[in-house]
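The values are calculated or read from the model by the stated rules, or taken from the named source; none is laboratory data. None of these values were measured; they are calculated from a predicted model. Reconstructed Cβ throughout: ideal geometry from the backbone, glycine too, with neighbour counts over all protein chains shown. We work out accessible area using only protein heavy atoms, side chains counted, and drop any ligands, DNA or RNA first. Shrake-Rupley method; radii C 1.70, N 1.55, O 1.52, S 1.80 Å.
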Amino acid sequence: MALKDKLVVELSMEDLNGSGYYYTNLIFPATEGQVEDALQRVRGIGREDNLEFSVMNYNKLPELKDIRISGATINELNFFAKRIEMLNENETAALKAVFNKHLESEEIDDWIDIKDMINLTYG
């Protein structure tokens, strides 16, 4: 699968003083080593519950661009990305349609729940 078809997510973490943020991008699905590296870059080891996620790019679901993901963990994002990679072309088209309908019905401004995203992959 080409890199352009991967889920690119910005991870951000507020610094301990509350005076700024650390940022890095992580491409999903990610290996354990890639996750650990990203957590180190945002000074997030041991503070994973404070991570914030924003979708930077995902060609399979371009509507996700600039959407922030609430209630997410890195493991859930990995699972979501793996679920979508397993879908065939018809299932991906169906997911796009259902996802767009979900966005319209929920009147989502810029946040979407990870559990909703995962559930949508089951059609």
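Given the conditions (1) open to solvent by 90 Å² or more (accessible area, probe 1.4 Å); (2) more than 21 Å from Ser12 (Cα to Cα); (3) modelled with pLDDT under 85, report the number of the one that Leu103 does not fulfil.
(1)
If we scan the range 15-24, do we find a residue that is open to solvent by 40 Å² or more (accessible area, probe 1.4 Å), without any contact (Cβ under 8 Å) to a residue 40 or more places away in the chain, of a type in the set (Asp, Glu) and out of contact with any helix residue (DSSP H, G or I) (no Cβ under 8 Å at 6 or more places or on another chain)?
Within the range 15-24, the subset open to solvent by 40 Å² or more (accessible area, probe 1.4 Å) is 16-19, 21-23.
After this cut, where a residue has to be without any contact (Cβ under 8 Å) to a residue 40 or more places away in the chain as well, the list is 16-19, 21-23.
Then drop every residue that is not of a type in the set (Asp, Glu), which leaves none.
Taking every residue of the range 15-24 in turn, none turns out to be open to solvent by 40 Å² or more (accessible area, probe 1.4 Å), without any contact (Cβ under 8 Å) to a residue 40 or more places away in the chain, of a type in the set (Asp, Glu) and out of contact with any helix residue (DSSP H, G or I) (no Cβ under 8 Å at 6 or more places or on another chain).
So Ile67 clears everything in (1) surrounded by 15 or more Cβ atoms within 10 Å (Cβ to Cβ); (2) at pLDDT below 90; (3) out of contact with any Phe, Trp or Tyr (no Cβ under 8 Å at 6 or more places or on another chain) except one condition, right? Which one?
(3)
So, of the residues in the range 1-36 that are assigned to a strand (DSSP E or B) and hydroxyl-bearing (Ser, Thr, Tyr), which turns out to be nearest to Ile69 (Cα to Cα)? Can you show your working first?
We begin by selecting, within the range 1-36, every residue assigned to a strand (DSSP E or B); these are 7-14, 21-28.
Cutting the leftovers down to hydroxyl-bearing (Ser, Thr, Tyr) gives us 12, 21-24.
Details: Ser12: 12, Tyr21: 17, Tyr22: 17, Tyr23: 15, Thr24: 15 Å.
Selected residue: Ser12.
Quick one: which residue in Ala72, Ala93 is closer than 19 Å to Asn119 by Cα, out of contact with any helix residue (DSSP H, G or I) (no Cβ under 9 Å at 6 or more places or on another chain) and open to solvent by less than 70 Å² (accessible area, probe 1.4 Å)?
On the way: Ala72 fails: out of contact with any helix residue (DSSP H, G or I) (no Cβ under 9 Å at 6 or more places or on another chain).
The conditions single out Ala93.
Please determine whether any residue of the range 36-53 is surrounded by fewer than 19 Cβ atoms within 10 Å (Cβ to Cβ), modelled with pLDDT of 90 or more, on the phi > 0 side of the Ramachandran plot and not β-branched (Val, Ile, Thr).
yes
Please tell me if Lys82 is open to solvent by 40 Å² or more (accessible area, probe 1.4 Å), over 13 Å from Ile114 (Cβ atoms), touching a residue at least 12 places away in the same chain (Cβ under 8 Å) and in contact with a Pro (Cβ under 7 Å, 6 or more places away or on another chain).
Numbers: open to solvent by 40 Å² or more (accessible area, probe 1.4 Å): yes; over 13 Å from Ile114 (Cβ atoms): yes; touching a residue at least 12 places away in the same chain (Cβ under 8 Å): yes; in contact with a Pro (Cβ under 7 Å, 6 or more places away or on another chain): yes.
Here the answer is yes, as Lys82 does meet what is asked.
Against the definition (at pLDDT below 90 and out of contact with any Gly (no Cβ under 6 Å at 6 or more places or on another chain)), how does Pro29 come out, yes or no? First the steps, then the outcome.
On the way: at pLDDT below 90: no; out of contact with any Gly (no Cβ under 6 Å at 6 or more places or on another chain): yes.
When the stated conditions are applied, Pro29 does not pass them.
Just a yes or no: is a residue in the range 71-79 modelled with pLDDT under 90 and hydroxyl-bearing (Ser, Thr, Tyr)?
Within the range 71-79, none of the residues are modelled with pLDDT under 90 and hydroxyl-bearing (Ser, Thr, Tyr).
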